[in-house]
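First up is the structure itself, then whatever we jot down about it.
The values are calculated or read from the model by the stated rules, or taken from the named source; none is laboratory data. Keep in mind that this is a model prediction, so the values were computed, not measured. Reconstructed Cβ throughout: ideal geometry from the backbone, glycine too, with neighbour counts over all protein chains shown.
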Amino acid sequence: MMQSHLGKSIAQLAVLLQSGSLDPVVLVEETLDAIRTHSDQAIFTALLDARAKEEAAASSRRLREGRSLGLLDGIPVAWKDLFAVKGLPTTAGSVVLADAAPALEDADVVAALKASGMIAVGRVNMSEFAFSGLGLNPHYGTPLNPRASDVARIPGGSSSGSAVAVASGLVPVSVGTDTGGSVRIPSAFNGLVGYKASRGRYSMVGVFPLATSLDSLGPLCRSVQDAVWVDAAMRGREAPNVVRANPEDLSIVVPTNVVMDDVEDGVAQAFQAGLARLSAAGVKVRHAAFPAFDSLFQAVAEHGPLVTAEAFALHHRRLAGPEAQRMDRRVVARTRLGEKITLVGYLQILQVREQLIKEVSAMLAPNELVAYPSIAHVAPAIAPLEADDELFVTVNARTLRNTMIGNFLDWCGVSLPCGTGEAGMPAGLLLSAPRGQDERMLAAAFAVEGIVAC
């Protein structure tokens, strides 16, 4: 019986591909077959059979001839349905864009990973227009969280298909977007590593937006090593420049307000156990209140969410026309709230944001990172959320609370698996740093990844 290569990390597959033990053509055929026959057909919205096979054949020739493009040559990747892929319409998880003109070129980051030898195998599902942290999609179906063993549970959003594709072992990595937590939330819910890069770290050309002052990108994968390799390739680098930190050189501050409010017992226990292991390994851990967190939510309550204002500006014509009837009712309701946000309110929230970014940066020592639970709870059941729109709104806000702080404060962040909570579902530890400190944060994540996991 032929050995399956599914469920492996990028690093594991790279060893096999570079050594000649595995042919990219075999790997891609196995991947495409697994996707087509998988029990959950809501994960992928489009398969790129012809492209994937063509790219795999080219990779195979390079590797046989000793002309490898690097460690990512021959590695499959899935793309969230926000990234332009040549020849396909970018539907953003919505049926209203199904008839949009096909993209004439790949998004810049899609082209960058192709240049590194990675093979695009398909587009994956998402919350419609990326405007939910839960991952439900009434048009293309909701991908099921593969870690659930009791009831059907949410995948997290908006990069739902990205997380489930990796957690199900169909691909080693998928690239998503993160405006309020859309990479880190589904990664935490599915027990993956999810890296939200600093805003502006990658080109956004060819990426369908949600809120341009908050939008960022990043990979969902199985290890920090994998994230580091993909990050370098997305920036057109031949090799990464991240060096694993020494745990004894690391300093972490844990906020005592907001982020620990109403955290499920199991999640809190997993997080605290992870912190205890970090301390035992020599990481310096201190606890402190962050008044800016309270100010942030007060400002949002007073002036309106920044993401809602910008999402409404993007979609206001669509909401005023017949297309609104074909959209997810929950997305329509949330986006329409942006109509109530005045220009004055929008400008004021931008001013508050700038002020709070400075305030928090001044609180942190030059080498400090921030750590707290990625999400206050594990992935909840789907059925109650489908049946009750008010519950959906409440749970969505609670799910986004911790991660959206990082978007508002312009941080980079990585969610690391740190054990399990209720029903044996994954919990995540979110490690964050100010904008532009990605290398330092990734170096720290390298060092603590194996420590916080149990």
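Summary table below
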item: Extreme residue, surrounded by the most Cβ atoms within 10 Å (Cβ to Cβ), among residues of the range 157-177 that are touching a Ser or Thr at 6+ places or on another chain (Cβ under 8 Å) and in a helix (DSSP H, G or I); result: 162
item: Positions within the range 210-249 being part of a helix (DSSP H, G or I) and of a type outside the set (D, E, K, R), in sequence order; result: 224, 225, 227, 228, 229, 230, 232, 233, 234, 247
item: Pick from the range 434-454, criterion of a type in the set (Gly, Ala, Ser) and assigned to a helix (DSSP H, G or I), ranking: nearest to the chain's Cα centre (by Cα); result: 445
item: Meets criteria (hydrophobic (A, V, I, L, M, F, W, C), more than 30 Å from residue 128 (Cβ to Cβ) and assigned to a loop (DSSP other than H, G, I, E, B)) for residue 6; result: no
item: From 121, 96, residue being surrounded by 21 or more Cβ atoms within 10 Å (Cβ to Cβ), outside any loop (DSSP other than H, G, I, E, B) and β-branched (Val, Ile, Thr); result: 121
item: Qualifying residues in the range 16-49 (those that are outside any loop (DSSP other than H, G, I, E, B) and charged (D, E, K, R)) - the one farthest from residue 69 (Cα to Cα); result: 36
item: Residue count for the range 366-395, restricted to those that are at pLDDT 95 or above and either more than 30 Å from residue 426 (Cβ to Cβ) or assigned to a loop (DSSP other than H, G, I, E, B) (or both); result: 8
item: Sole residue being under 30 Å from residue 304 (Cβ atoms) and either surrounded by 24 or more Cβ atoms within 10 Å (Cβ to Cβ) or touching a helix residue (DSSP H, G or I) at 6+ places or on another chain (Cβ under 8 Å) (or both), chosen from 426, 417, 434; result: 434
item: Spans of helices (runs of 4 or more DSSP H) in the range 263-356 with at least 1 residues among the aliphatic types (A, V, I, L, M), without any contact (Cβ under 8 Å) to a residue 40 or more places away in the chain and surrounded by fewer than 15 Cβ atoms within 10 Å (Cβ to Cβ); result: 265-280, 291-303, 306-320
item: Where residue 230 falls short, out of the listed (1) over 23 Å from the mean Cα position of the chain (by Cα); (2) of a type in the set (A, V, I, L, M, F, W, C); (3) buried (at least 22 other Cβ atoms within 10 Å of the Cβ); result: (1)
item: Residues of the range 1-15 satisfying the condition of being surrounded by fewer than 17 Cβ atoms within 10 Å (Cβ to Cβ) and more than 23 Å from the chain's Cα centre (by Cα); result: 1, 2, 3, 4, 15
item: Hey, residue 362 aliphatic (A, V, I, L, M), modelled with pLDDT under 95 and surrounded by fewer than 24 Cβ atoms within 10 Å (Cβ to Cβ) or not; result: no
